[in-house]
Amino acid sequence: MSSIPLDYEAVRLIWWALLGILLIGFAIMGGRDLGIGTLLPFVARTDEERRILLNLAGPTWEGNQVWLILGGAAIFAAFPPLYAVSFSGFYVAMIAILLALILRPVGFKYRSKLADPRWRATWDWALFIGGFVPSLVFGVAVGNLFLGAPFRLDDTLRTTYEGNFFLLLTPFALLAGLVSLAMLVTQGATVIAARTEGEMAERARNYGRWAALATIVLFALGGVFALYVLNGYRVTSVQDVFGPSNPLNKTVVFEAGAWRANYGLFPWMFAIPLLSIVGSFIAWWGLGARARLAPILGSSVAIFGIITTAGLTLFPFLLPSSVDPNVSLTLWDSSSSHLTLFTMLVATVFFLPIILLYTAWVFRVMRGPVTAESVDNNPNAY
Amino acid sequence: MVDPLVVDLSRIQFAATAMYHFLFVPLTIGLSFIMAIMESVYVMTGRQVWRKATIFWGTLFGINFAMGVATGIVMEFQFGMNWSYYSHYVGDVFGAPLAMEGLMAFFLEATLIGLFFFGWDRLKPVTHLIVTWAVAFGANFSALWILVANGWMQNPVGARFNPDTMRMEITNFMEVVFNSVAQAKFVHTVSAGYVCGAVFVLGVSAFYLLRGRHIELAKRSIVVAASFGLASALSVVVLGDESGYVATEHQKMKIAAMEAMYHTEPAPAGLTLFAIPGADGRPEFEVKIPWVLGIITTRSFDRDLPGITELTEHAALRIANGIEAYKSLQAIKADPEDLVARAEFDKRQQDLGYALLVKKYRPDVENATGEEITQAALDTVPDVWPLFWSFRIMVACGLFFIGFFALWFYRSAVRKIEKPRWLLWVAVAALPLPWIAIELGWLVAEYGRQPWVVEGVLPTFYAASGLKVSDLVISLTFFVALYTALIVVELFLMVKTIKAGPSDRFSFGEPPPSAPVEPVTAVKAG
């Protein structure tokens, strides 16, 4: 193992950050399309308007969704215990997300293949579900990371889960779900406002401003709730950051104010939630001022800030256990092996810039407003 | 232990979702290359009919691709959802190729697919052609990494068990990637996809010729499909044979079961053409071709092929050895500093998985009785007859494709494509065959691996999540209902698109444009 140039602690930390980057990438890129899906029935009233929205998202949404696919694969490859415990524990919630996500590729592709209004209306609602449900449930899942999940691990590291779907729906988790929904709706609205014209752009600005305000209020509320009302988790033993990935070798307590601990150690961390509020504010202001780029950037900064805040607050926890805190998963004891993390890091460092390059190129090629005329002239249009 | 009903339902759900998914993947793999070839001809010759063909097959590709993406999302997540102990136990090895697939292949394919559809009027022809080829290579690289992952489940090389983390960990990444089983399976699988694409294009084009419609496009499509299909059909069978050879090295039980070979045959073994099972499940009446099986599987005249009975006896020995490894593992858990136990464990760890087979009968594996060991050894035998027949039907389809494409290749070469009509009807009737062959091929590969989820390392029943039966009932019901509804819609749109034929508009029910419009005329999209 000495032949690996980065030590185990470093690659674990880097992969924890990379996981955050992938999730932020999905929320910024895929979030556009989820937001557009959620707004579809409200912002676009006529069939022509709906086609414009679908063709706005159409050329790039598939690539954007790969951030989620890669995020899922990265959890599997880099933090297998997190993948195993959370995906099986949140089983029914995952099924809800999957069923909703299944509707999207077919919704985009099939909706405009027939002119029948009932056919199109059915797919419009399918696309709405495909945007709304994942936006909400992803947030509920993140909210549950703060509360801890009722799982145990036996001495073979097999997980057993003692909750059910409805126990996930606590007030704080629902609040987190609404934060996620509001922030992704804002993201979708900023893109619609920038790339369409007339009444629809107006409606998008209106919804986007409300969503940006809601993001600020709900996120602030959630922050106060998490830091000052909820109990948090704290590792009380010394964790061997170079040690084997086995969550059974530490002790953890569940106590008041524990989610404030990192802010006490590193007061600069308060800058991140503030940044996200500034971002949402820029989105709110920019939409009102009819700016094109500023709202998209502001909303993206807000997404970066919100997800980073969650990650830093939970650090070093990935998923605490509410019924047996000692087996909580942390990034130091729930990662892949040193060799796997390093090999995958090399591959990511090589491929991620290439992905960003061709994605940027595709967005450049497809830039410009989407109009009824451009939709009508393309035989492949959605 | 996980409820056996939950294990069974989890297996049914995985099989169902994977088999649904693989209805769409091979056509994506095959059609993407055929489109790229057609567009290359367009760019080289500048003839519009080739662009029209690319756009037309591209429309069908798109309808199919959407289903592939929709059903593929589930594949990515259900390992963790339904197979959480598997995910923990082998995630260090198995997760990496899945992540590589996203990084290297699916990102490329999914990002550029939009430009394939929306970029015709925004890109120079050569640039668009590069996009189409990139999509095709993306689809194929996807298959490469997925089969590296799957190949590792068949032949788990480059990894060992770590007692401190209670899981398999990578020791050599290159061994995992260049796993001989994975490489043979990759070429076999993508070639099957090419055959699927070629049969599809040929069948639909033959339908047009029978109806006397779109003749220019259909004839050109048949020329491409026949030559591409012939090369691919040869590749499928040759690489299938290679798979057989490597499977003999690593999965002797699978070969024995596929052949319903209960006893070791003296070398070189004969290939059973067909057989009728007797009352005890063993073959009662067989028709055999002498020597052929031995030559295919061992590439020799003198190496024996072990039978099921002999392999079961061997499994019992490995279980006994695995139980010793399991005892050492318990000692290490009790005292991580116990170096003697660690040394003992290292000597026997390759058989640890065999000890886990006993978990079906008792949790305290170390106290297994001789009878339980015998029972666990018998569990290593997969269901013989489904494998036996699936394999034979698959091979028959493969051999048929070689003759089929050779004939069409010849007819294209002598420019006699439109006649005789019965041959066109054969091409239409052959449409379902690639899907039948491909699904049966996966059945042989995966059902033939049972009782293992990872051959010799992790039994399937031990790998499932401890979900409730109600969870599985909910998810299985929703998946089957939604997937079935979507397949009906997908087939409906496919048929509708094929009936409408290549045209300038693909939105059905809309009035045709008043003036004839070139499919992709100037759009000042700005």
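Of note:
- Residue match in the stretch B:278-294 (condition: within 24 Å of B:His250 (Cβ to Cβ), among the aliphatic types (A, V, I, L, M), at pLDDT below 85 and assigned to a strand (DSSP E or B)): no
- Matching residues in the stretch A:370-382 - criterion: being in a loop (DSSP other than H, G, I, E, B) and touching a residue at least 24 places away in the same chain (Cβ under 8 Å): A:Val370, A:Thr371, A:Asn378, A:Ala381, A:Tyr382
- Being among the polar types (S, T, N, Q), within 14 Å of chain B (Cβ to nearest Cβ) and over 21 Å from the mean Cα position of the chain (by Cα) is a property that does not hold for A:Ser321.
- Note on the stretch B:151-183: among residues that are part of a helix (DSSP H, G or I) and buried (at least 23 other Cβ atoms within 10 Å of the Cβ), the one that is nearest to the other protein chains (Cβ to nearest Cβ) is B:Val176.
- Residue in the stretch A:158-174 that is small (Gly, Ala, Ser), more than 10 Å from chain B (Cβ to nearest Cβ), part of a helix (DSSP H, G or I) and touching a Ser or Thr at 6+ places or on another chain (Cβ under 7 Å) present: no
- Exclusive hit being more than 8 Å from every other protein chain (Cβ to nearest Cβ), in contact with a helix residue (DSSP H, G or I) (Cβ under 9 Å, 6 or more places away or on another chain) and either within 24 Å of B:Val187 (Cα to Cα) or assigned to a loop (DSSP other than H, G, I, E, B) (or both), set B:Ala136, B:Ala96: B:Ala136
- Contact map, the stretch B:308-320: first residue in contact (Cβ under 8 Å) with a residue 60 or more places away in the chain, second residue surrounded by fewer than 20 Cβ atoms within 10 Å (Cβ to Cβ) and among the polar types (S, T, N, Q), Cβ cut-off under 7 Å, separation 6 or more or different chains; pairs are B:Ala316/B:Thr374.
- Only a single item in (1) closer than 30 Å to A:Val365 by Cα; (2) touching a Leu at 6+ places or on another chain (Cβ under 7 Å); (3) crowded, with 24+ Cβ neighbours inside 10 Å is not met by B:Ser142, and it is number (2).
- Count of the stretch B:42-63 residues which are within 21 Å of B:Asn140 (Cα to Cα) and without any contact (Cβ under 8 Å) to a residue 60 or more places away in the chain: 3
- From the options B:Ala206, B:Ala256, residue that is more than 30 Å from B:Tyr326 (Cα to Cα) and buried (at least 24 other Cβ atoms within 10 Å of the Cβ): B:Ala206
- Just one of the listed residues (A:Gly130, A:Gly177) is within 13 Å of chain B (Cβ to nearest Cβ), within 26 Å of A:Ala57 (Cα to Cα), in contact with a Gly (Cβ under 6 Å, 6 or more places away or on another chain) and part of a helix (DSSP H, G or I), and it is A:Gly130.
- Restricting attention to the stretch A:325-369, the residues that are facing another protein chain (nearest Cβ under 8 Å), farther than 30 Å from B:Phe161 by Cβ and touching a residue at least 60 places away in the same chain (Cβ under 8 Å) total 5.
- A:Met344, sole failed condition from (1) over 28 Å from A:Leu153 (Cα atoms); (2) part of a helix (DSSP H, G or I): (1)
- Output for the stretch A:16-65, where each listed residue is hydrophobic (A, V, I, L, M, F, W, C), within 14 Å of chain B (Cβ to nearest Cβ) and within 15 Å of A:Phe128 (Cβ to Cβ): A:Leu34, A:Leu54, A:Ala57, A:Trp61
- Residue within the stretch A:16-30 that is under 16 Å from the mean Cα position of the chain (by Cα), farther than 30 Å from A:Tyr161 by Cβ and surrounded by fewer than 24 Cβ atoms within 10 Å (Cβ to Cβ) present: yes
- Single unsatisfied condition, B:Arg213 versus (1) assigned by TED's automatic domain parsing to the domain that holds B:Phe56; (2) part of a helix (DSSP H, G or I): (2)
- Flag if B:Thr45 is of a type outside the set (A, V, I, L, M) and closer than 18 Å to B:Gly197 by Cβ: no
- Residues (assigned to a strand (DSSP E or B) and of a type in the set (A, V, I, L, M)) located in the stretch A:133-157: A:Ala149, A:Leu153
- Test: residue in the stretch B:73-83 that is within 30 Å of B:Asn162 (Cβ to Cβ), out of contact with any Leu (no Cβ under 9 Å at 6 or more places or on another chain), assigned by TED's automatic domain parsing to the domain that holds B:Val236 and not in a helix (DSSP H, G or I): yes
- Some residue of the stretch A:296-315 being touching a strand residue (DSSP E or B) at 6+ places or on another chain (Cβ under 7 Å) and farther than 30 Å from B:His128 by Cβ: no
- Filtered by the rule that a residue be of a type in the set (Gly, Ala, Ser), surrounded by fewer than 22 Cβ atoms within 10 Å (Cβ to Cβ) and within 7 Å of chain A (Cβ to nearest Cβ), the stretch B:458-506 gives a lone residue, B:Gly466.
- The single residue among A:Thr38, A:Thr60, A:Thr46 that is at pLDDT 95 or above, among the β-branched types (Val, Ile, Thr) and more than 30 Å from A:Pro316 (Cβ to Cβ) turns out to be A:Thr38.
The values are calculated or read from the model by the stated rules, or taken from the named source; none is laboratory data. Nothing here was measured: the structure is a model prediction, and the numbers come from that model. We place every Cβ from the backbone using ideal geometry, glycine too, and count neighbours over all the protein chains shown.
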